[in-house]
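The values are calculated or read from the model by the stated rules, or taken from the named source; none is laboratory data. The structure presented is a predicted model; accordingly, all values stated were derived computationally and were not measured. Using ideal geometry, Cβ is built from the backbone for each residue, glycine included, and neighbour counts are taken over all protein chains shown.
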Amino acid sequence: MSYAVAAALQAAVYARLAGDAGVTALVGDAVYDALPEGALPTLYVVLGAEDVRDASDKTGGGAEHRFVVSVVTERAGFAAAKAVAAAVSDALIGAEMTLSRGRLVALNFAKARAMRVGTGTMRQINLTFHARVSDDA
């Protein structure tokens with residue numbers, strides 16, 4: 001197993017989302033790898049947690065990355081967040097992404113969870129994706 005492809009995968013996912021016309025039409029440049037300091041927009045996308053497991057086989061090293069992309073909004077209701085979540089999913093599923101190290105073998109949607117955060121109007125949708133990578137280094 002190798003965790004060496006993790007940074008390359010994260011960079012490729014971020015670049016894909018930040019450069020996707022469907023995502024940016026809904027959130028502009030509010031796609032974050034890490035949240036900036038200060039006030040946040042009322043609707044944004046942020047990369048989240050990751051869990052990695054060995055997926056090596058006789059052909060070489062590899063890993064399965066389970067990662068979360070969150071859509072967060074302070075707008076009332078889930079409609080805006082769900083539209084962005086759909087755009088995120090469309091941008092990632094089946095996307096051709098070149099990694100700076102290793103190779104993306106497959107990227108699939110696993111699940112989503114929509115929830116209210118706290119007692120106010122904040123809503124969040126956590127989309128979980130599975131990415132299979134091989135380490136060709």
Scanning the range 1-52 residue by residue, those touching a His at 6+ places or on another chain (Cβ under 8 Å), part of a helix (DSSP H, G or I) and not small (G, A, S) turn out to be L9
Search the range 80-105 for residues that are closer than 24 Å to V27 by Cβ and pair each with any residue that is among the basic types (K, R) and buried (at least 21 other Cβ atoms within 10 Å of the Cβ) when their beta-carbon atoms are under 9 Å apart and the residues are at least 6 apart or on different chains. A80/R123; A81/R123
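Report yes if G60 is surrounded by 11 or more Cβ atoms within 10 Å (Cβ to Cβ), more than 14 Å from the chain's Cα centre (by Cα) and touching a residue at least 24 places away in the same chain (Cβ under 8 Å), otherwise no.
Numbers: surrounded by 11 or more Cβ atoms within 10 Å (Cβ to Cβ): yes; more than 14 Å from the chain's Cα centre (by Cα): yes; touching a residue at least 24 places away in the same chain (Cβ under 8 Å): yes.
Judged against the criteria, G60 is a match.
For the range 100-123, give me the residue count where each residue is within 17 Å of E50 (Cα to Cα) and of a type outside the set (K, R).
Here is the first cut: in the range 100-123, the residues within 17 Å of E50 (Cα to Cα) are 104, 106-113.
Of the ones still in play, those that are also of a type outside the set (K, R) are 104, 106-110, 112.
The total comes to 7.
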Is it the case that A87 is modelled with pLDDT of 95 or more, closer than 17 Å to R16 by Cβ, of a type in the set (G, A, S) and touching a helix residue (DSSP H, G or I) at 6+ places or on another chain (Cβ under 8 Å)? yes
